[in-house]
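Single-structure report; data block below.
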Amino acid sequence: MRPWTNKTVALGVIGLICLIVGSLLSCTWRVIFDGILKKELPLTPNSRSYELWKDTSKLPMNIDFYFFNWTNPEELRVPGKKPNFVQMGPYSFVERRVKVNIVFHPKNNTVSYDQMKYWYFDAKRSNGTLQDKVVNLNTVAVSAAHTIRYWLPVMQSTLSFILASSKIYVEKTVSELLFEGYKDEIISMSSMVASDEFEVPPFDRFGWFYMRNGSTFFDGHYNVATGQEDLSELGIVKYWNYKDTTKYYRSPCNVVEGSAGEFWPPNPPKDDVISIWTADLCRPLVYEYSEEVMHQGMKGYKYQLGRISLGNNTKRRYPHEQAKYFEKTTTTEDFFSAELTTPSNINNNKSKNSINKEDDPDVVNIGQCFCNGECTPMGLINITACRYGAPGFVSLPHFHKADPIIRDQVVGMNPKDEEHNFYVTLEPNTGIPLDVAARLQINILLQPSLTVDFFRNVPRVYFPMFWFNFRGGTPDNLAWGLKQLLTLPSTGLYTSLAMAILGVVLIVIVIIIQFIRTSSPMTGKSRKIREANGTKTELVYMDTTTSLDDHERSDRPLRPKD
Ligand SMILES: *[C@@H]1O[C@H](CO)[C@@H](O)[C@H](O)[C@H]1NC(C)=O
Ligand SMILES: *[C@@H]1O[C@H](CO)[C@@H](O)[C@H](O)[C@H]1NC(C)=O
Ligand SMILES: *[C@@H]1O[C@H](CO)[C@@H](O)[C@H](O)[C@H]1NC(C)=O
Ligand SMILES: *[C@@H]1O[C@H](CO)[C@@H](O)[C@H](O)[C@H]1NC(C)=O
Ligand SMILES: *[C@@H]1O[C@H](CO)[C@@H](O)[C@H](O)[C@H]1NC(C)=O
Ligand SMILES: *[C@@H]1O[C@H](CO)[C@@H](O)[C@H](O)[C@H]1NC(C)=O
């Protein structure tokens, strides 16, 4: 017999190929997966995510509004009485975001665009109608009184005169308060005194979302990194309204930074924060890592709004390199010129390792530069500068995580973490947001005014006006695809290991076959013996069933007949 047949040679070659490919793949699989991500994740006109990013109508996004009805406005000036609030809602809307004027800049791997948002009322998910009446603080009057604090006395008394005919509270429908807006005499007056010095809102009506439906005006112009060259830049806002700084906060709190909200760089840090540029507040919000969660069957890192954004004494280290970068390119201010916590100048970087946090020139008290002067207790974000001087303060709903002092000024707040927490859950390998719950409450600061009679003896209270709960995430069909993608590294690893093992097994089989063939030429004879034995055993079996008591007869055939 020939020692090698065509079949065994082929088997051996296949085994060898399996072994080589399998072991190569198992070593390089992670690299291949990263290569796939590097190709799939960046935002380009041809990328998978492009259409969804451009028009989010296929993504599940909704926003619920809750209003606070002020039930005892007549008791405002009664000592010992606190304003009492009853929550109304939700008034639920489907949100759709559409990006327009999209221009890709391959030279610097960014994309520029404007964003429009549309809202569609969802009666089924709402508790009430848009015609429900809500009583709350007269925001226009309070804002006017606040804005004119530094005006000439004669103008202040004019406003006092107008205010004398209005009330400290208004009763409006949800529709008027949100999108429709309502007319007010003070708005008409203030538009006449508008000047460079006194910036007034360019609107003829007041409503929290008045004119926002379908407008590009409010979100501003974005220039965002596509991540094509560097995935760690994916989705990061580079310029907002054509600048890398804003005029609303002091340096370095004026720096434009953070994700635009749709994309985050892959491998988000567990030991650090992530930030999101929030156009409505004219500033970034910083989220702190809290825990690992499972969402739609995938692992996610959960980040939430906490002390760093809500506190008034947050120190943060800005990398020295970044400092230089901002100093060079900003058109408005020097990065450090206005800084309180930088005793030495930034070029003095000798013995950098030995300096402690207080003296580190790169550590900045961002809690204070976001205060814009007077700080608030923990839990409030001052957006006065971003809102044409209206005393607006953002907090978590029901003053969740805020200093209890704030909550104690009013009655009816009932913070619950699962309902009022603000969080983002990111899939760690891709940075894709799996689950987003953006919840914020808008408050107006009412404070006594010495010059405007109308406000002379009111208490100083942060008035809760309304809050919203924005929910977004990955729809189930996309989550399924993402899950398949994420199993690739382990599937790939196991497949390639299985391939390598199969290769080894095949090679071993070939070797054994060859060994048997070359060492025992008598194969034919031994098979015959085995066959003969088989027939005998069968006979025995038949014997026992027919005559169990005849031991001699059944025993005899067991002995091989050699
Ligand atoms: C809202 O408050 C007013 C009093 O300020 C009250 O008359 C009205 O019934 C309240 N509405 C609801 C829905 O609670
Ligand atoms: C609906 O709103 C009313 C007050 O306007 C409130 O008492 C009730 O609990 C709300 N229902 C739900 C399901 O939220
Ligand atoms: C990228 O280039 C475009 C066009 O020249 C420019 O408008 C944009 O500001 C640049 N962005 C960055 C981050 O340099
Ligand atoms: C917003 O605009 C869209 C389209 O113009 C319209 O269908 C929708 O009803 C509007 N939403 C609100 C709340 O006015
Ligand atoms: C809020 O910001 C405004 C202007 O940006 C500032 O005048 C005010 O002092 C700040 N703090 C409070 C508590 O109003
Ligand atoms: C800063 O926040 C803390 C904690 O809420 C508070 O005790 C302190 O008074 C705040 N500082 C200012 C200046 O308001």
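The values are calculated or read from the model by the stated rules, or taken from the named source; none is laboratory data. What you see is a predicted model; the values in this text were computed from it and never measured. Don't worry about glycine lacking a Cβ; one is built from the backbone with ideal geometry, like all the others, and counts go over all protein chains shown.
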Single residue of 226, 278 found to be surrounded by fewer than 22 Cβ atoms within 10 Å (Cβ to Cβ) and in contact with a strand residue (DSSP E or B) (Cβ under 8 Å, 6 or more places away or on another chain)
278
Name the one entry in 386, 369 that is in a helix (DSSP H, G or I), more than 9 Å from ligand 5 (Cβ to nearest atom) and at pLDDT 65 or above.
369
Residues of the stretch 33-46 being out of contact with any Leu (no Cβ under 8 Å at 6 or more places or on another chain) and surrounded by 13 or more Cβ atoms within 10 Å (Cβ to Cβ), in sequence order, are 34, 44
What pairs come out if I take residues in the stretch 105-123 that are touching a residue at least 40 places away in the same chain (Cβ under 8 Å) and part of a loop (DSSP other than H, G, I, E, B) and pair them with residues that are surrounded by fewer than 18 Cβ atoms within 10 Å (Cβ to Cβ) and β-branched (Val, Ile, Thr) whose C-beta lies under 7 Å away, six or more apart or interchain?
122/94
Tell me, please, whether a residue that is out of contact with any strand residue (DSSP E or B) (no Cβ under 9 Å at 6 or more places or on another chain), of a type outside the set (A, V, I, L, M, F, W, C) and either over 22 Å from residue 450 (Cβ atoms) or modelled with pLDDT of 95 or more (or both) can be found in the stretch 103-121.
yes
Residues located in the stretch 80-100, provided they are on the phi > 0 side of the Ramachandran plot and either at pLDDT 95 or above or within 16 Å of ligand 4 (Cβ to nearest atom) (or both):
89
Residue pairs qualifying under the 6 Å Cβ cut-off, at least six apart or on distinct chains, with the first in the stretch 445-470 being in contact (Cβ under 8 Å) with a residue 40 or more places away in the chain and in a loop (DSSP other than H, G, I, E, B) and the second being of a type in the set (A, V, I, L, M) and away from ligand 4 (no atom under 16 Å from the Cβ), are 449/145; 452/145; 458/446
Any residue at all in the stretch 27-39 that is within 16 Å of ligand 1 (Cβ to nearest atom), more than 20 Å from the chain's Cα centre (by Cα) and either of a type in the set (A, V, I, L, M, F, W, C) or assigned to a loop (DSSP other than H, G, I, E, B) (or both)?
no
Of all residues being polar (S, T, N, Q) and within 31 Å of the chain's Cα centre (by Cα) in the stretch 70-121, which is nearest to ligand 2 (Cβ to nearest atom)? Just the residue, please.
87
Might you check whether a residue that is touching a residue at least 60 places away in the same chain (Cβ under 8 Å), part of a strand (DSSP E or B), surrounded by 15 or more Cβ atoms within 10 Å (Cβ to Cβ) and of a type in the set (Val, Ile, Thr) occurs anywhere in the stretch 12-25?
no
